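First the structure, in the form of structure tokens, and then the observations on it.
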Amino acid sequence: MLIEKFLDYLQFEKNYSSNTLNAYKRDLIQYNKFIAEYNDKLKIEEVNYKIIRSWIVTMVNNNISNRSINRKVSSLKSFYNFLIKTETINSSPLKAHTPLKQSKKIQVPFSQDEINSLLDSDFFTNDYRGILQKTIIAFFYFTGVRRIELITLKKSDVNIESSTVKIMGKRSKERIIPILPKLKKAIIFFNEIKFKFHDQTSSDYFFISKNGKQLSEKFVYRTVNEYFKLVSPKIKKAPHVLRHSFATHLINEGADINSVKELLGHSSLSATQVYSHTSMERIKEVFKNSHPRAK
């Protein structure tokens, strides 16, 4: 099946992560199902833009956001480019497609006060679960890693002696992030507690549950969401907001955007610029302190 060949190509030749592969798979299965309902005799490689346009209209009518639709169509575009590469088709039915307009989504980061008040609080229990959850939140904020990067972090990736952590990012791209003293202290303490419950050879993963298993995405999301409910009124309380907070706070404190780009593991500067949103109060402060006539 062409979809399976495409997914194999992404996995073995492009080294895409399991999360990315699953997203492509879901999008293409949904698309293939639509084609079957539209015309059960039509093959996926025979589809024209008119049919794809009908699929897009169906998604719009089902109240799927333009952002999500554009992502699904992007998956489809990659699929048809693969079919061109393998000489299955001569041209893509999406070559003239224009993405739907979408509003720019500004992520509101947690404030430094919110993060400090949580990490300095006594909300975390002193048992294994509480120490694990506190270390997870601290690790997110001190490193800016993605959720999947935290979950798949190996013990061998954390080097206490050199105070660095090696992160395996998207498309198997490695980056090194320094471990600051406060995080180093938290990691050492977590390791001490972990080895009371688990043998050092029980798992290759750095963050593991009390029963020695790899953490689930759901557990990590709930950890961030439930604890930040205690200190923040913001609507969105997800691991990615901590990544946004990490980048925004660094830039607000004068960090070079290229350095932040490397820490985040972005391939282009344009991706990092999303995180350079600063509060109006910060802009006013810089303006007041910088403009000659303001002094």
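The values are calculated or read from the model by the stated rules, or taken from the named source; none is laboratory data. Not measured: the values here are computed from a predicted model. Virtual Cβ from ideal backbone geometry, glycine too; neighbours counted across all protein chains shown.
Conditions (1) modelled with pLDDT of 95 or more; (2) more than 25 Å from residue 257 (Cα to Cα); (3) in contact with an Asp or Glu (Cβ under 9 Å, 6 or more places away or on another chain); (4) not β-branched (Val, Ile, Thr), marked per residue:
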position: 162; (1), (2), (3), (4): yes, no, no, yes
position: 166; (1), (2), (3), (4): yes, no, yes, yes
position: 171; (1), (2), (3), (4): no, no, no, yes
position: 182; (1), (2), (3), (4): yes, no, no, yes
position: 195; (1), (2), (3), (4): no, yes, no, yes
position: 201; (1), (2), (3), (4): no, yes, no, no
position: 213; (1), (2), (3), (4): no, yes, no, yes
position: 227; (1), (2), (3), (4): yes, yes, no, yes
Exception for residue 289 within (1) at pLDDT below 95; (2) over 25 Å from residue 176 (Cα atoms); (3) surrounded by 12 or more Cβ atoms within 10 Å (Cβ to Cβ) falls at (3)
Residue hits (the stretch 97-129; surrounded by 10 or more Cβ atoms within 10 Å (Cβ to Cβ), aliphatic (A, V, I, L, M) and at pLDDT below 95) are 100, 108
Test residue 94 against the criterion of being modelled with pLDDT of 95 or more and not assigned by TED's automatic domain parsing to the domain that holds residue 246, and give yes or no. yes
Tell me the residue from 84, 64 that is of a type in the set (Val, Ile, Thr) and not in a loop (DSSP other than H, G, I, E, B), please. 84
Is it true that some residue in the stretch 184-192 is outside the structural domain of residue 22 (by TED's automatic domain parsing), of a type in the set (Phe, Trp, Tyr) and surrounded by 15 or more Cβ atoms within 10 Å (Cβ to Cβ)? yes
Can you pull out the residues in the stretch 192-230 that are free of Cβ contacts under 8 Å to residues at least 12 places away in the same chain and under 19 Å from residue 142 (Cβ atoms)? 192
Which of the following residues is part of a helix (DSSP H, G or I), within 14 Å of residue 114 (Cα to Cα) and within 15 Å of the chain's Cα centre (by Cα): 241, 220? 241
Can you give me the number of residues within the stretch 59-83 that are of a type in the set (Ser, Thr, Tyr) and touching a Phe, Trp or Tyr at 6+ places or on another chain (Cβ under 7 Å)? 1
